[in-house]
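Since the structure comes first, as structure tokens, the remarks are kept for the end.
The values are calculated or read from the model by the stated rules, or taken from the named source; none is laboratory data. Being a predicted model, the structure only gives us computed values, none of them experimental. For neighbour counting, all protein chains shown are included, and Cβ atoms are generated from backbone atoms with ideal geometry for every residue, glycine included.
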Amino acid sequence: MQALLFILEALLTLVVIAFLLRLVIPLARASFRNPLGEAVLRITDPLVKPLRRLLKPAGNVDLAAVIALLIVQLLGTALLRLVAGLPFDPAAVLVSGLRDLARTVLQFYVIALLIYVLLSWVAPGTRSPATDLLARLCEPLLRPVRRVVPPIGGLDLSPLFVLIGLQAVQILLR
């Protein structure tokens with residue numbers, strides 16, 4: 001049973017990340033014109049496009065993508081609870097689903113920052129669709145910290161402080 005729950009949770013997390021990317025790529029003003037972006041569109045279009053007919057964007061925020069992300073997360077949480085043998089409780093599904101979504105978003109940014117930093121060490125200055133996307137996702141988190149913590153001896157410590165902050169928020173959500 002534990003293995004089945006692990007597999008379901010891993011698959012759910014991947015689908016939630018696809019919907020999260022559908023939401024944040026336009027917010028970061030990144031392009032879907034790369035293999036990752038095209039995959040995200042193919043995975044998310046069946047749910048987002050019908051919702052878009054009902055929900056118009058609010059400024060830069062695609063409300064259809066937000067609602068689709070919430071639907072997928074809450075349905076996945078309900079499924080995991082049912083497979084685990086827990087009773088169906090809408091309030092518990094809502095609370096647990098929102099908490100799990102917050103954890104997934106935080107973990108997504110932790111991993112994105114780690115990859116961004118590693119790429120800056122291994123291949124500094126390299127331009128590719130993946131590095132451009134990572135830069136557009138990570139720089140809004142790093143910029144405010146860089147204003148307070150300037151580079152020390154040419155070493156940018158802002159990712160370290162952002163990672164510590166993200167981990168602290170994850171601890172608060174436990």
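What to note about this one:
- Residues of region 37-67 that turn out to be under 30 Å from Arg81 (Cα atoms) and either charged (D, E, K, R) or surrounded by fewer than 13 Cβ atoms within 10 Å (Cβ to Cβ) (or both), as a count: 8
- Sole residue being buried (at least 16 other Cβ atoms within 10 Å of the Cβ), in a helix (DSSP H, G or I) and among the charged types (D, E, K, R), chosen from Arg147, Arg136, Arg103: Arg136
- Matching residues in region 113-124 - criterion: being touching a helix residue (DSSP H, G or I) at 6+ places or on another chain (Cβ under 9 Å), in a helix (DSSP H, G or I), of a type outside the set (Ser, Thr, Tyr) and surrounded by fewer than 18 Cβ atoms within 10 Å (Cβ to Cβ): Leu114, Ile115, Leu119
- Among residues of region 144-158 that are within 16 Å of Ser120 (Cβ to Cβ) and at pLDDT below 95, those with a Cβ under 8 angstrom from a residue that is surrounded by 15 or more Cβ atoms within 10 Å (Cβ to Cβ) and among the acidic types (Asp, Glu), sequence gap 6+ or separate chain, pair up as Arg146/Asp156.
- Region 150-160: number of residues that are surrounded by 15 or more Cβ atoms within 10 Å (Cβ to Cβ) and either of a type in the set (Val, Ile, Thr) or under 16 Å from Leu106 (Cβ atoms) (or both): 1
- Qualifying residues in region 85-99 (those that are surrounded by 13 or more Cβ atoms within 10 Å (Cβ to Cβ) and hydrophobic (A, V, I, L, M, F, W, C)) - the one farthest from Leu69 (Cα to Cα): Leu86
- Residue tally, condition part of a helix (DSSP H, G or I) and either loosely packed, with under 11 Cβ neighbours inside 10 Å or without any contact (Cβ under 8 Å) to a residue 40 or more places away in the chain (or both), over region 5-36: 10
- Within region 45-55, not a single residue is of a type outside the set (Gly, Ala, Ser), in contact (Cβ under 8 Å) with a residue 40 or more places away in the chain and in contact with a Leu (Cβ under 7 Å, 6 or more places away or on another chain).
- Within region 56-67, the residues that satisfy the criterion of being in a helix (DSSP H, G or I) and in contact (Cβ under 8 Å) with a residue 40 or more places away in the chain are Ala65, Val66.
- Scanning region 121-151 for residues that are among the hydroxyl-bearing types (Ser, Thr, Tyr) and within 18 Å of Leu166 (Cβ to Cβ) turns up nothing.
- Selection status of Leu41, touching an Asp or Glu at 6+ places or on another chain (Cβ under 7 Å), under 28 Å from Cys138 (Cβ atoms) and among the aliphatic types (A, V, I, L, M): no
- If you go through region 75-100 and keep only what is hydrophobic (A, V, I, L, M, F, W, C), part of a helix (DSSP H, G or I) and closer than 24 Å to Ala3 by Cβ, you end up with Leu75, Ala78, Leu79, Leu80, Leu82, Val83, Ala92, Val93.
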